[in-house]
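Undergrad: Next up is a structure, given as C-alpha cells.
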Amino acid sequence: DAINCLELLNYVNIIGESGSGKSLTAFQIAYEYSKKGYKVYKYNGKDNPTLYSELSPAIYILDNAHLYKNVANTIQQQAKKECKVICVFTDVINSNENSVRITSKQSVNILYEYYTQNAEQIIPIVKKINKKVGFNFGDTSFSWLINKAASQKSPYYFNYIIRGASDYIKTKMEDYKKDEFLDLLAVIAIYQILSADNFILISKLNELIPSKIFNYDEF
C-alpha cells in the first residue's frame, strides 16, 4: 500500500503506534527502491532540507516525523518521480489520502502467518539466535514459541519472544549481580531491549546506575 502511494504521489505517510513496525517498513521500502538505483537518505536534522535527485534518483526517510511537522510539509512539497519521500509518524490520528496506517496487532498477525507458513526456512534462522529452540527433550518447540509470540501486543515483542531475549537478559543480570559489576553499555542495551528501543536519557541512566559509581550529568 505504501509503495502504491509513493508511485502515485511520490510521498507517503506511514502512521501507527510505537513498536508497530513503521520504521522497519519504511526502510524495507527504501531497500526495494535501492535495488532500482535509488539512493537512500535519512533526515539529518537540518531545519530547511533540500532534496536532490539530479545525479541519481533518491528516496528520503523522515523518521519520527511527528517531531518535525514543518520539515515533513517542506520535503513533501519537493517530492517528485525521481525524488520520493517517506514520513514516519507515531500516534497521529488525522491522516490524508496519501497515508498508510499500521496497527500493532495487524503486524503481529502478519508475522505469525508468515512464520507459520514458512516454518522450514524460519526455524534454522531462529535456532541461530535462540539456542533453546529444538526438537530434543527439554528444548523449546517452535510451535509453542510461535503461539506465545502471537499473543504479544506488537511486532517488537513478537520477535522479543522468538529470539529468547528475556532468558538472555535474566542470565546477564544474574552475572552482573554475581560479579557486583555494572557496565554502562550493557545497561543501555538491556534498557533498549526492554523498552522497545526507546531513547535512554541521562536521567534514566542515573536512575539505573548508582550515583556513587557514575554521575552522567557531568558529560
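Undergrad: First select every other residue whose beta carbon is under 15 angstrom from the beta carbon of LYS36; then total the charges, Lys and Arg +1, Asp and Glu -1.
TA: Net charge around LYS36: +1.
Undergrad: Please give the length that would be gained between THR116 and SER143 if that part of the chain were fully extended, namely 0.36 nm times their separation in residues minus their C-alpha to C-alpha distance (nm, one decimal).
TA: Separation in residues times 0.36 nm, less the Cα-Cα distance, equals 8.9 nm.
Undergrad: Scale the Cα Rg of the stretch 47-88 by the rule-of-thumb value 2.2 N^0.38 Å and send over the ratio, two decimals.
TA: Relative to the rule-of-thumb radius for its length, the stretch 47-88 sits at 1.09.
Undergrad: Still on this structure, I have one more. How much length is gained on full extension from GLN77 to PHE135, taking 0.36 nm per residue of separation minus their Cα-Cα distance?
TA: That works out to 15.4 nm of additional length.
Undergrad: Pairs of Cα atoms under 8 Å, at least six residues apart: use those to get the relative contact order of the stretch 79-164, whole percent.
TA: Relative contact order here is 30 percent.
Undergrad: Run a plain Debye calculation on the stretch 24-163 (Cα atoms as equal point scatterers, no solvent) and give log10 I(q)/I(0) at q = 0.12, 0.17 Å⁻¹, rounded to two decimals, same order as the q list.
TA: Cα-only, vacuum Debye calculation for the stretch 24-163: -0.65, -0.96.
Undergrad: Something else about it: Please work out whether the stretch 19-68 counts as rounded, prolate or oblate from its C-alpha gyration tensor, where a ≥ b ≥ c are the square roots of the eigenvalues and a/c under 1.5 means rounded, while otherwise a/b larger than b/c means prolate and anything else oblate?
TA: Oblate shape, in that a/c is at least 1.5 and b/c is the bigger or equal ratio.
Undergrad: Moving on to the next point. As a quick test, which of the pairs LYS105/LYS127; LYS36/LYS131; LYS42/LYS80; LYS39/LYS69; LYS22/LYS132; LYS22/LYS81 have an alpha carbon distance above 27 angstrom in this structure?
TA: LYS36/LYS131; LYS22/LYS132
Undergrad: Now for a separate question. Compute, for TYR157, the solvent-accessible surface of its heavy atoms (probe 1.4 Å) with the complete set of protein chains present, and express it in square angstrom to the nearest 10.
TA: Rounded to the nearest 10, the figure is 50 Å².
Undergrad: Residues with beta-carbon under 12 Å from that of ILE15, excluding ILE15: net charge, scoring Lys, Arg +1 and Asp, Glu -1?
TA: Cβ neighbours under 12 Å give a net charge of -1.
Undergrad: Given +1 on the Cβ of Lys and Arg, -1 on the Cβ of Asp and Glu, and no further charges, what dipole in debye does the stretch 1-125 carry about its Cα centre, rounded to the nearest 20?
TA: 300
Undergrad: Mind listing the Cα extents of the stretch 84-159 along all three principal axes, in Å, largest one first?
TA: Ordered largest first, the stretch 84-159 gives principal extents of 53, 26, 19 Å.
Undergrad: Figure the gain on full extension for GLU32 and LYS105 (residue separation times 0.36 nm, minus the Cα-Cα span) and round it to one decimal in nm.
TA: Residue separation times 0.36 nm, minus the Cα-Cα distance, leaves 23.8 nm.
The values are calculated or read from the model by the stated rules, or taken from the named source; none is laboratory data. Predicted model only: the values in this text are computed from it and were never measured. Cβ sites come from the backbone with ideal geometry, for glycine too, and all protein chains shown count toward neighbours. Only protein heavy atoms, including side chains, enter the accessible area calculation; ligands, DNA and RNA are left aside. Shrake-Rupley method; radii C 1.70, N 1.55, O 1.52, S 1.80 Å.
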